[in-house]
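Shown next, in structure tokens, is the structure this report addresses.
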């Protein structure tokens with residue numbers, strides 16, 4: 001069979017799925033927005049293409065996102081037409097539609113089955129928008145209108161997509177009922193053979209010429225975001241640090257994440273969110289305690305895994321939004337986890353069994369739970385073992401998720 005994957009940053013969520021289909025003898029091509037020549041990646045022929053221009057000057061602000069998606073969709077359309085002219089006709093197209101690239105696929109291959117990766121459908125109520133009262137929308141009605149146009153991209157996909165795939169039940173349930181029945185829930189998968197607990201784990205962080213070695217068993221608190229921003233609870237975590245550091249004089253805090261924005265808005269005054277909340281909490285923390293807080297920036301994946309293996313308590317906070325791989329990877333590493341009681345977190349963590357849950361904005365509860373697990377190492381180990389067992393049973397890449405993805409997509413032509 002022939003498969004075409006479409007993702008602006010390929011491989012993205014398809015990094016295991018696409019090579020697995022190659023290994024089973026299928027022809028697999030991918031389209032990605034990038035410069036350069038066609039390359040082979042894990043047996044996948046990756047064809048680059050580029051968007052020809054940016055958004056129009058003086059366009060209505062509500063239409064900027066939709067125009068950007070249309071421009072990307074047109075660029076992808078041209079790349080698909082070129083593939084068709086070369087004789088490539090896919091049996092199945094698997095696309096992440098979030099940036100609009102797959103809008104016009106059916107214009108090129110009307111009989112090809114299309115699978116849409118259903119990561120998140122925006123809503124103006126009950127999810128991320130309006131969730132955090134600390135950051136209200138300046139224009140709530142206008143924000144709702146903007147979201148409606150943002151979702152127009154999905155509505156334009158619904159009538160040409162045969163199937164959808166979503167990584168969690170909660171994310172699937174954000175989609176409208178008429179399309180929800182087409183969505184299969186299978187997570188992208190966690191490599192539990194690679195992300196494992198290790199009592200021998202060591203990590204050293206450096207500040208200037210000083211080096212700070214840490215080992216499994218030390219009081220290491222970890223917090224990981226792609227970018228340090230309110231959507232992932234960075235502000236709540238920072239506000240818990242004064243109490244945690246005062247109560248645990250031997251604890252060290254390792255914070256991973258860049259200082260840009262992945263999801264939410266930038267700060268009103270233009271400062272990086274990282275700096276905004278450093279400046280808020282630092283006056284409350286004695287200098288000697290602040291020395292135990294380490295900002296590591298973005299780190300290589302192996303460093304990230306090593307960090308989880310050393311972690312005594314891992315903190316994960318999020319708005320009701322897309323579930324981060326990092327939470328499941330922390331569970332796979334056997335971390336004892338304190339997390340926000342927000343969906344889809346509650347889908348994977350049971351309070352008191354596989355972790356501890358606190359209200360997203362409850363700074364005191366967060367600090368108390370972290371302190372309690374640092375004090376009670378037996379309970380922390382029990383939570384970590386149960387967390388890993390859950391990931392192995394429900395989210396393991398090789399034995400659970402990948403076999404389901406392959407069987408499902410290979411069966412599409414027959415269906």
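The values are calculated or read from the model by the stated rules, or taken from the named source; none is laboratory data. Just so we're clear, the structure is a prediction, and the values are computed from it rather than from any experiment. Reconstructed Cβ throughout: ideal geometry from the backbone, glycine too, with neighbour counts over all protein chains shown.
Some notes on this structure:
- Residues of the stretch 53-71 classified as loosely packed, with under 12 Cβ neighbours inside 10 Å and part of a helix (DSSP H, G or I), total: 1
- Taken together, the residues in the stretch 208-237 that are in contact with a strand residue (DSSP E or B) (Cβ under 9 Å, 6 or more places away or on another chain) and not in a strand (DSSP E or B) amount to 11.
- Of the residues making up the stretch 338-376, those that are farther than 26 Å from residue 246 by Cβ, under 19 Å from the mean Cα position of the chain (by Cα) and part of a loop (DSSP other than H, G, I, E, B) are 342, 343, 344, 349.
- Among residues of the stretch 172-198, those that are farther than 17 Å from residue 155 by Cβ and touching a residue at least 40 places away in the same chain (Cβ under 8 Å), counted: 14
- Filter pass, residue 241 being out of contact with any strand residue (DSSP E or B) (no Cβ under 8 Å at 6 or more places or on another chain) and either within 15 Å of residue 330 (Cα to Cα) or in the same structural domain as residue 302 (by TED's automatic domain parsing) (or both): no
- A residue that is in a helix (DSSP H, G or I) and closer than 30 Å to residue 192 by Cβ occurs nowhere in the stretch 251-266.
- Scanning the stretch 3-38 for residues that are closer than 27 Å to residue 52 by Cβ and assigned to a strand (DSSP E or B) turns up 3, 4, 5, 6, 28, 29, 30, 31, 32, 33.
- Criterion (at pLDDT 95 or above, at negative phi and crowded, with 16+ Cβ neighbours inside 10 Å) met by exactly one of 75, 23: 75
- The residues of the stretch 72-92 that are touching a helix residue (DSSP H, G or I) at 6+ places or on another chain (Cβ under 7 Å) and either in a helix (DSSP H, G or I) or within 25 Å of residue 53 (Cβ to Cβ) (or both), listed by number, are 72, 77, 80, 81, 84.
- Candidate set from the stretch 134-149 (those that are in contact (Cβ under 8 Å) with a residue 40 or more places away in the chain and closer than 24 Å to residue 317 by Cβ); member that is surrounded by the fewest Cβ atoms within 10 Å (Cβ to Cβ): 134
- Residues of the stretch 156-191 satisfying the condition of being assigned to a loop (DSSP other than H, G, I, E, B) and farther than 18 Å from residue 5 by Cβ: 159, 168, 174, 175, 176, 181, 182, 191
- Scanning the stretch 26-44 for residues that are touching a residue at least 12 places away in the same chain (Cβ under 8 Å) and surrounded by fewer than 17 Cβ atoms within 10 Å (Cβ to Cβ) yields 27, 34, 35, 36, 41, 42, 43.
- Applying the condition of being in a loop (DSSP other than H, G, I, E, B) and over 25 Å from the mean Cα position of the chain (by Cα) to the stretch 267-294 and asking which residue is farthest from residue 206 (Cα to Cα) yields 269.
- Residue in the stretch 273-290 that is closer than 15 Å to residue 226 by Cβ and either surrounded by 17 or more Cβ atoms within 10 Å (Cβ to Cβ) or out of contact with any strand residue (DSSP E or B) (no Cβ under 7 Å at 6 or more places or on another chain) (or both) present: yes
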